[in-house]
1. Mind checking whether some residue in the stretch 200-212 is assigned to a helix (DSSP H, G or I) and not charged (D, E, K, R)?
2. Just to confirm my filter: which helices (runs of 4 or more DSSP H) fall fully inside the stretch 45-149 and include at least 1 residues that are over 26 Å from G206 (Cβ atoms)?
3. Which one of these is at pLDDT below 95 and surrounded by 15 or more Cβ atoms within 10 Å (Cβ to Cβ): E179, E125, E129?
4. Could you tell me whether the stretch 216-227 includes any residue that is closer than 24 Å to K108 by Cα, at pLDDT below 95 and of a type outside the set (V, I, T)?
5. How do the pairs read when you match residues in the stretch 166-185 that are charged (D, E, K, R) with residues anywhere that are surrounded by 18 or more Cβ atoms within 10 Å (Cβ to Cβ), using Cβ under 6 Å and keeping only pairs 6 or more apart or on different chains?
6. Is it the case that some residue within the stretch 10-18 is within 17 Å of A159 (Cα to Cα), surrounded by 15 or more Cβ atoms within 10 Å (Cβ to Cβ) and out of contact with any His (no Cβ under 7 Å at 6 or more places or on another chain)?
7. When the stretch 71-91 is examined, which residues are found to be surrounded by 22 or more Cβ atoms within 10 Å (Cβ to Cβ) and either farther than 17 Å from I38 by Cα or in contact with a helix residue (DSSP H, G or I) (Cβ under 8 Å, 6 or more places away or on another chain) (or both)?
8. May I ask you to list pairs of residues, at least six apart or on different chains, whose Cβ atoms are under 9 Å apart, with the first in the stretch 140-163 being surrounded by 15 or more Cβ atoms within 10 Å (Cβ to Cβ) and β-branched (V, I, T) and the second being modelled with pLDDT under 95 and part of a loop (DSSP other than H, G, I, E, B)?
Amino acid sequence: MRRKLAAGNWKMNGRTSDLDQIDALEAAHNDADVDILICPPASLLARMSARTTKIAVGGQDCHAATTGAHTGDISADMLIDAGATHVILGHSERRTDHGETDDDARAKARAALDAGLIAVICVGETLAEREAANTLDIISGQLAGSIPDAANGTNMVVAYEPVWAIGTGLVPSTDQIGEVHDFIRTKLEARFGEGVGRSVRLLYGGSVKGSNAAEIFAVSNVDGALVGGASLTAEAFSPIITALDAS
């Protein structure tokens, strides 16, 4: 059985005072039978990690190199040193804002796995690609290009985030979500074998909220969610975790 995962990506949000949200989440879901992950900005990683026991903490990116002259970057080893256990890689905002490619995501994922982090590798199509009926081709290319050969169900999570649904309030139909998640599962099984392919957790991300979470979690091969804005407060994130725990 794949253990369910509720992951929150705080993006460029959060101050020291917002760590109270983690205390509230931990108190509310101490007995939840799901994994909970929060990926705050790097400035909060060590402090968040130091005050949580139930909630895992992750980075939002890492460099492919272990050390070096890379001003403003952070390595996988540095994330671990700050208390991280996971790292998000290949997010559409990194691909768009920083021009990151599948090769970049793969190199970073390889570094993350070598360091002992769990890589949350993101894939997803734009609205233009969806309207051109190219979604599965795009996803197939991103999976092949972004996932390193050493990946498995223990050290990797795949998150499907349709770019056009992130922060827009738009959500694909459950049939559309199911089609992509089933496709990802099939591709992973074909590449890594049935055992490994079936062990990788698949998350859905893109305007997930308490009001639609249960419906999304009922979809085939959806093992949890990667949540953006709704993960910033315990009040908004808690119903999503509750829905996942009940699914």
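1. So far as the stretch 200-212 goes, no, none of its residues is assigned to a helix (DSSP H, G or I) and not charged (D, E, K, R).
2. Details: elements: 45-50, 76-81, 92-98, 102-115, 127-131, 135-146.
Ranges flagged: 45-50, 76-81, 102-115.
3. Every option except E129 fails the conditions.
4. As a first pass, look at the stretch 216-227 and keep what is closer than 24 Å to K108 by Cα: 223-227.
Still in the list and also at pLDDT below 95: none.
The answer is no; no qualifying residue exists.
5. D182/N221; R185/N221
6. Within the stretch 10-18, one or more residues are within 17 Å of A159 (Cα to Cα), surrounded by 15 or more Cβ atoms within 10 Å (Cβ to Cβ) and out of contact with any His (no Cβ under 7 Å at 6 or more places or on another chain).
7. Taking the stretch 71-91 first, the residues surrounded by 22 or more Cβ atoms within 10 Å (Cβ to Cβ) are 76, 79, 84, 86-91.
The answer is A76, L79, A84, V87, L89, G90.
8. Here the result reads V163/T126; V163/G206, each pair linking the stretch 140-163 to a residue that is modelled with pLDDT under 95 and part of a loop (DSSP other than H, G, I, E, B).
The values are calculated or read from the model by the stated rules, or taken from the named source; none is laboratory data. The shown structure was predicted, so the numbers you read here are calculated from the model rather than taken from an experiment. Virtual Cβ from ideal backbone geometry, glycine too; neighbours counted across all protein chains shown.
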